[in-house]
1. Taking into account only those residues within the stretch 139-163 that are surrounded by fewer than 19 Cβ atoms within 10 Å (Cβ to Cβ) and outside any loop (DSSP other than H, G, I, E, B), which is nearest to the chain's Cα centre (by Cα)?
2. Here is a check on your reading of the model: is PHE189 touching a residue at least 12 places away in the same chain (Cβ under 8 Å), of a type outside the set (Gly, Ala, Ser) and under 27 Å from ASP83 (Cβ atoms)?
3. Condition test on LYS39, is it assigned by TED's automatic domain parsing to the domain that holds GLN234 and loosely packed, with under 15 Cβ neighbours inside 10 Å?
4. Scan the stretch 156-206 for residues that are assigned by TED's automatic domain parsing to the domain that holds VAL219, within 14 Å of the ligand (Cβ to nearest atom) and over 20 Å from GLU225 (Cβ atoms) and jot them down.
5. Among helices (runs of 4 or more DSSP H) lying entirely in the stretch 21-123, which contain 1 or more residues that are in contact with a Lys or Arg (Cβ under 7 Å, 6 or more places away or on another chain) and of a type outside the set (Phe, Trp, Tyr)?
6. State yes or no: is ALA75 surrounded by fewer than 16 Cβ atoms within 10 Å (Cβ to Cβ) and either in the same structural domain as GLY123 (by TED's automatic domain parsing) or modelled with pLDDT under 95 (or both)?
7. Scan ARG63, ARG86, ARG12 and give me the residue that is charged (D, E, K, R) and in contact (Cβ under 8 Å) with a residue 40 or more places away in the chain.
8. Counting only residues that are polar (S, T, N, Q) and away from the ligand (no atom under 13 Å from the Cβ), which one in the stretch 122-155 is farthest from LEU223 (Cα to Cα)?
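The values are calculated or read from the model by the stated rules, or taken from the named source; none is laboratory data. Since the structure is predicted, the reported quantities are computational estimates derived from the model, not experimental observations. As a convention, Cβ positions derive from the backbone with ideal geometry for all residues, glycine included, and neighbour counts pool all protein chains shown.
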Amino acid sequence: MWTIRGLILKERVAGENLKFADILTADEGVIEVKIKGYKKLTGSLLAATQLFSYADFSLAQTRSGYIVNSAQLQASFFDLGQDLVRFALGVYLCDLVSVLVKGRDTRQILRLLLNTLHILCKGVRSCALYKAIFEWRLLCEIGNMPDLVACSCCGCYENEQGMYFYPIDGHIICKTCDRSEGEEKRPRFLLQPSVLYTLRYITYSELEKLFRFQVSQEVCSRLAEVAEAYLLAQTERNYTSLSYYKSLLP
Ligand SMILES: [Zn+2]
């Protein structure tokens, strides 16, 4: 028997009365477990074995993997179910983690995801902002931290006219240095100083302070655009959960 705390990222029904779940843990990465007889579960075990459950799982090891014997719910984010857009965003964030964290230290990533789901449940600000913060910071945590300290040509920290961010390279070039006009088009985004400042904050701030800032609607829209482009450029794949989330937006 082995007890481990984690968050259910994904579930897959695998038969009449069997489902698999991927659990994100702090110390063991993502582990796959089997939940037998899930249709007949009641009470605390039922509550603790749903998508978005954060629980202590007692596992038995068998030849074919781990089976959940019992589970004690520690926290849940079921409130996401009250709003389809928020729910779909939660599914997408969990999907990103399950796809991208293999072989990574997951301690910080688990905290990032729990904090994001928590604030998403409260629903104070726009989904677009939470999504952008999460995408950007997740990339930082899995080894794709962009270099936003200074222009990669001249080393300047600021440029009143803005800086270009290159999602494929993950660096910035100030408008004075950038001479790629007319050359082969490489995707890039012109970041006004307020947007660059916010992206630096999301990149370098402590996790506890990650959501503690305010931005205008305009800055939020730009962040959303740049974060998604950076995620797609760096991970080089598509996400059906992202397409679904976007299909729900007005
Ligand atoms: Zn420069």
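1. Filtering first and then ranking leaves CYS140.
2. no
3. Details: assigned by TED's automatic domain parsing to the domain that holds GLN234: no; loosely packed, with under 15 Cβ neighbours inside 10 Å: yes.
In short, no.
4. If the condition is that a residue be assigned by TED's automatic domain parsing to the domain that holds VAL219, within 14 Å of the ligand (Cβ to nearest atom) and over 20 Å from GLU225 (Cβ atoms), then no residue fits.
5. Filter on the stretch 21-123 gives 84-100, 107-122.
6. Working: surrounded by fewer than 16 Cβ atoms within 10 Å (Cβ to Cβ): yes; either in the same structural domain as GLY123 (by TED's automatic domain parsing) or modelled with pLDDT under 95 (or both): yes.
In short, yes.
7. Numbers: ARG63 fails: in contact (Cβ under 8 Å) with a residue 40 or more places away in the chain; ARG12 fails: in contact (Cβ under 8 Å) with a residue 40 or more places away in the chain.
It is ARG86.
8. As a first pass, look at the stretch 122-155 and keep what is polar (S, T, N, Q): 126, 144, 152.
Then drop every residue that is not away from the ligand (no atom under 13 Å from the Cβ), which leaves 126, 144.
Working: SER126: 12, ASN144: 17 Å.
Checking each candidate, the answer is ASN144.
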